[in-house]
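Peer 1: Can you keep this structure in mind? I'll have questions shortly.
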Amino acid sequence: MSHEVRPPRWTAQEMDDFERARALLSALIAAYSARIGRAPNREAAAVLRAERAPLLEERDKLTAGDRERVAEILREMPGRLESVRDGSTDA
């Protein structure tokens, strides 16, 4: 039985970027969850849940092979995370 050595599917940098993007999405999801817990009423909580839903789906579907989207997340989501944590945005 021969053991074929296969090249890695992704580079170490691509995997690092992917892990950072997933962690950023998770932090953003957590920030929305915190705001949902502090929402003044059911309607406000429902709006926040609707804003959080696509993030949950994206985190579940994101792969290291989604290089362009990983790069976008790393560029765009830190500002969004800060805004959501501050409560200064609805999106």
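Peer 1: Filter the stretch 54-72 down to the residues that are within 11 Å of the chain's Cα centre (by Cα) and of a type in the set (A, V, I, L, M), then identify the one that is nearest to E14 (Cα to Cα). Outline the logic, then answer.
Peer 2: At the first step, the residues of the stretch 54-72 found to be within 11 Å of the chain's Cα centre (by Cα) are 54-62, 69-70, 72.
Pick out the ones that are also of a type in the set (A, V, I, L, M) and you get 55-56, 62, 70.
Numbers: L55: 20, L56: 21, L62: 13, V70: 9 Å.
Filtering the stretch 54-72 for residues that are within 11 Å of the chain's Cα centre (by Cα) and of a type in the set (A, V, I, L, M), the one nearest to E14 (Cα to Cα) comes out as V70.
Peer 1: Could you say whether any residue in the stretch 57-79 is closer than 10 Å to Y32 by Cβ and either among the aliphatic types (A, V, I, L, M) or in contact (Cβ under 8 Å) with a residue 24 or more places away in the chain (or both)? Step through it out loud before you land on a result.
Peer 2: Within the stretch 57-79, the first condition is being closer than 10 Å to Y32 by Cβ, and the residues that meet it are none.
No.
Peer 1: Now for a different question. Could you tell me which of the residues R22, R75, R35 is under 16 Å from the mean Cα position of the chain (by Cα), surrounded by 16 or more Cβ atoms within 10 Å (Cβ to Cβ) and at pLDDT 95 or above?
Peer 2: On the way: R75 fails: surrounded by 16 or more Cβ atoms within 10 Å (Cβ to Cβ); R35 fails: under 16 Å from the mean Cα position of the chain (by Cα).
Going through R22, R75, R35 in turn, the sole match is R22.
Peer 1: I want to confirm something. Restricting to the stretch 80-91 and keeping residues that are surrounded by 11 or more Cβ atoms within 10 Å (Cβ to Cβ) and touching a residue at least 12 places away in the same chain (Cβ under 8 Å), which single residue is farthest from A30 (Cα to Cα)? Can you show your working first?
Peer 2: Here is the first cut: in the stretch 80-91, the ones surrounded by 11 or more Cβ atoms within 10 Å (Cβ to Cβ) are 80-85, 87, 89-90.
Subsequent filtering for residues that are touching a residue at least 12 places away in the same chain (Cβ under 8 Å) retains 80-81, 84-85, 87, 90.
Working: R80: 13, L81: 10, V84: 10, R85: 9, G87: 13, D90: 15 Å.
Checking each candidate, the answer is D90.
The values are calculated or read from the model by the stated rules, or taken from the named source; none is laboratory data. From a predicted model like this one, the values you see are computed outputs, not experimental measurements. Every residue, glycine among them, receives a Cβ derived from its backbone with ideal geometry; neighbour counts consider all protein chains shown.
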